Amino acid sequence: MDYFTIEIGGQAVASFRSENADDAKHFFEAEDFREDLTILQSQGKPVWDGLAAINLRKATADEAGEVEHAYEFDDDPERTVDDEFVVFLIPISDAADDEEDQG
């Protein structure tokens with residue numbers, strides 16, 4: 001497994017592991033994932049505005065460690081090592097959840 005990091009506007013925002021670079025690129029370019037980045041929020045703003053530069057690169061050792069740490073504490077018994085599992089490196093909230101809390 002290799003570890004990859006997604007950067008938006010030059011800031012590392014999420015890391016994940018993938019079988020290889022081609023699989024990582026496929027996940028990174030998936031429309032569903034990119035849409036999620038416009039819905040999820042960090043500090044009251046969308047993680048991605050749909051316009052800022054978004055890049056995929058190899059993860060640093062620290063970023064890979066964050067992914068491993070998250071796997072260790074994942075409590076989903078159905079998840080396997082092959083499942084997609086993204087670890088955000090920034091604080092995240094879901095705008096839809098915030099609207100439900102206020103409504």
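The values are calculated or read from the model by the stated rules, or taken from the named source; none is laboratory data. Quantities reported herein were computed from a predicted structural model and do not represent experimental measurements. With ideal geometry, Cβ positions are generated from the backbone for all residues, glycine too; neighbour counts draw on all protein chains shown.
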* To do: Keeping to the range 18-48, report how many residues are more than 15 Å from the chain's Cα centre (by Cα) and more than 18 Å from TYR3 (Cβ to Cβ).
  => 3
* To do: Among the residues of the range 70-103, write down those that are within 15 Å of ASP2 (Cα to Cα) and either modelled with pLDDT under 90 or part of a loop (DSSP other than H, G, I, E, B) (or both).
  => TYR71, VAL81, ASP82, ASP83, GLU84, PHE85, VAL86
* Selection within the range 22-54 - in contact with a strand residue (DSSP E or B) (Cβ under 9 Å, 6 or more places away or on another chain), more than 20 Å from ASP94 (Cβ to Cβ) and surrounded by fewer than 13 Cβ atoms within 10 Å (Cβ to Cβ) -> HIS26, GLU29, ALA53
